[in-house]
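Colleague: Quick one: this structure, given as C-alpha cells, is what I'll be asking you about.
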C-alpha cells in the first residue's frame, strides 16, 4: 500500500444513518404547518442534500432573511428529531466498515449540509463521532452542494488530496459535489433507486456497508 494516505468522506443523512423517510416526512409536515404543499419529488429535487438557505426559499416561494433561515431551520429540525429520535440507528454494516478503514490507515471525515444541532444529535447519538478526523458542516463553507467546496474542505482538513478520496453519498447534489471535487463517489441506494443512481457517474452503488471493504474502496481510488 502507498505511503500516501487515502480519505473516506461521508455525507451524514442517508449515508451514516438511513433516515430518508423521516426527513421527507418532517419537511412535508413543516411545510403544511405554514400552509405550503411539497411533494416527494420536490423533496428529492430541491431539498435533499442542499443547505437550508437554498431549500427554505423553495418551500416559502420567497426570499428569506438570515434570521428567518436560522429560526425556520431549527423549527423544521425539531420536527425531524422528534420523529426520528426513537428510531435512530447506524446504516447496516457501518461500524464494521469504519473499523476496517481505521485498520487500513484511511483518514475519515464527515461533510454534511445538516445544521449543527442535527450533527450532534446523529454523530453522538449513535456513537460514531470518534471515528472521524474532521466534521465539516454548512456553517464552515460559502457554497452548498452540488458545489464541491464541502468535500474539498473536508479533504483538506484530513490532509488528503482529492484524487485519493472517496465520497459516500445518497443524494444527487452530493454525488455531483464529490465528482466536481475530482473524487470517486460510492452511492448508497437509500434515497434513490439503483437505476436512478446508475445515471450519476458514481463508481459503485451499494445498499449498505456490508457490501464494501476498505480494500474495495482503495481499489476504486487507485483503479486497481
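The values are calculated or read from the model by the stated rules, or taken from the named source; none is laboratory data. Fair warning: this is a prediction, and the values are worked out from it, not measured in the lab. Every residue, glycine as well, gets a Cβ built from its backbone with ideal geometry; the counts of neighbours run over all protein chains shown.
Colleague: If I ask for residues that are over 18 Å from the mean Cα position of the chain (by Cα) and either without any contact (Cβ under 8 Å) to a residue 24 or more places away in the chain or part of a helix (DSSP H, G or I) (or both), which ones from region 26-41 would you list?
Modeller: Residues of region 26-41 that are over 18 Å from the mean Cα position of the chain (by Cα), as a first pass: 28-41.
Result: 28, 29, 30, 31, 32, 33, 35, 37, 38, 39, 40, 41.
Colleague: Can you tell me which residue in region 150-160 is surrounded by the most Cβ atoms within 10 Å (Cβ to Cβ), limited to those that are free of Cβ contacts under 8 Å to residues at least 60 places away in the same chain and touching a helix residue (DSSP H, G or I) at 6+ places or on another chain (Cβ under 7 Å)?
Modeller: Keep residues of region 150-160 that are free of Cβ contacts under 8 Å to residues at least 60 places away in the same chain, which gives 150, 152-153, 156-157.
Those still in the list that are touching a helix residue (DSSP H, G or I) at 6+ places or on another chain (Cβ under 7 Å) too: 150, 152-153.
Values: 150: 31, 152: 22, 153: 18.
Per the criteria, the residue is 150.
Colleague: Can you tell me which residue within region 85-94, out of those that are at pLDDT 95 or above and either in contact with a strand residue (DSSP E or B) (Cβ under 7 Å, 6 or more places away or on another chain) or assigned to a helix (DSSP H, G or I) (or both), is surrounded by the most Cβ atoms within 10 Å (Cβ to Cβ)?
Modeller: Here is the first cut: in region 85-94, the ones at pLDDT 95 or above are 90-94.
Subset that is either in contact with a strand residue (DSSP E or B) (Cβ under 7 Å, 6 or more places away or on another chain) or assigned to a helix (DSSP H, G or I) (or both): 90-91, 94.
On the way: 90: 19, 91: 24, 94: 21.
By that ranking, first place goes to 91.
Colleague: Moving on. Of these, 60, 121, 97, which one is in contact (Cβ under 8 Å) with a residue 24 or more places away in the chain, in the same structural domain as residue 156 (by TED's automatic domain parsing) and surrounded by fewer than 21 Cβ atoms within 10 Å (Cβ to Cβ)? Let's see the steps before the verdict.
Modeller: Details: 60 fails: in the same structural domain as residue 156 (by TED's automatic domain parsing); 97 fails: surrounded by fewer than 21 Cβ atoms within 10 Å (Cβ to Cβ).
Selected residue: 121, the only one of 60, 121, 97 that is in contact (Cβ under 8 Å) with a residue 24 or more places away in the chain, in the same structural domain as residue 156 (by TED's automatic domain parsing) and surrounded by fewer than 21 Cβ atoms within 10 Å (Cβ to Cβ).
Colleague: Is it true that some residue in region 100-116 is in a loop (DSSP other than H, G, I, E, B), in contact (Cβ under 8 Å) with a residue 12 or more places away in the chain, surrounded by fewer than 13 Cβ atoms within 10 Å (Cβ to Cβ) and within 19 Å of the chain's Cα centre (by Cα)?
Modeller: Let us first name the residues in region 100-116 that are in a loop (DSSP other than H, G, I, E, B), namely 104-106, 112-115.
From what's left, in contact (Cβ under 8 Å) with a residue 12 or more places away in the chain: 104-106, 112-115.
After this cut, where a residue has to be surrounded by fewer than 13 Cβ atoms within 10 Å (Cβ to Cβ) as well, the list is 105.
From what's left, within 19 Å of the chain's Cα centre (by Cα): none.
Checking region 100-116: not a single residue is in a loop (DSSP other than H, G, I, E, B), in contact (Cβ under 8 Å) with a residue 12 or more places away in the chain, surrounded by fewer than 13 Cβ atoms within 10 Å (Cβ to Cβ) and within 19 Å of the chain's Cα centre (by Cα).
Colleague: Restricting to region 171-201, what's the tally of residues that are buried (at least 22 other Cβ atoms within 10 Å of the Cβ) and assigned to a loop (DSSP other than H, G, I, E, B)?
Modeller: The total comes to 5.
Colleague: Residues of region 208-224 being touching a residue at least 60 places away in the same chain (Cβ under 8 Å) and either part of a loop (DSSP other than H, G, I, E, B) or farther than 23 Å from residue 4 by Cβ (or both), which ones?
Modeller: 208, 209, 210, 211, 212, 213
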